[in-house]
Amino acid sequence: MWSVGVILFILLSGNSPFENEDEQILFEKIRSGDYSMDDCLWDYISAGAKDCVRALLVVNTTERMTITEALRHPWILGVKEAEETFLPSSLIEVKRARLTVCQPANFMILSAHS
């Protein structure tokens, strides 16, 4: 279920939950479950989706959401959170959203060089 959480994090944000140039630090972040949803794109992800990811990315296997619990999670079942939900249909849309929502100055720079 840990891997499902990692994949879901990537699908929702376009980033890995664990990133660092230093491999030793990267592995320590993975072992300790040290990730963050601070990227501004997470402001557009529903609370239910974030809750689902958080429940999957729990290091302690006895506390981590099980497959049965995941299949019963309101976000997986499609219980609506109305207008706050942003679900990109592709990684390209995630990247475009990041450029326009998070870094508008970079979007202009990239557009000028395209």
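The values are calculated or read from the model by the stated rules, or taken from the named source; none is laboratory data. As the structure is a prediction and not an experimental result, all values here were calculated from the model. Using ideal geometry, Cβ is built from the backbone for each residue, glycine included, and neighbour counts are taken over all protein chains shown.
Details
- The residues of the range 24-45 that are hydroxyl-bearing (Ser, Thr, Tyr) and modelled with pLDDT of 90 or more, listed by number, are Ser32, Tyr35, Ser36.
- Filtered by the rule that a residue be in contact (Cβ under 8 Å) with a residue 12 or more places away in the chain and either exposed (fewer than 14 other Cβ atoms within 10 Å of the Cβ) or closer than 22 Å to Thr68 by Cβ (or both), the range 13-33 gives Arg31, Ser32, Gly33.
- For the range 34-50, a residue qualifies if it is surrounded by fewer than 13 Cβ atoms within 10 Å (Cβ to Cβ), more than 22 Å from Ile67 (Cα to Cα) and either in contact with an Asp or Glu (Cβ under 7 Å, 6 or more places away or on another chain) or among the charged types (D, E, K, R) (or both), and the qualifying residues are Asp38, Asp43.
- Index of the failed condition, Val58 passing every other in (1) modelled with pLDDT under 95; (2) surrounded by fewer than 17 Cβ atoms within 10 Å (Cβ to Cβ): (1)
- For the range 1-33, a residue qualifies if it is in contact with an Asp or Glu (Cβ under 9 Å, 6 or more places away or on another chain) and of a type in the set (S, T, N, Q), and the qualifying residues are Ser13, Asn15, Asn20.
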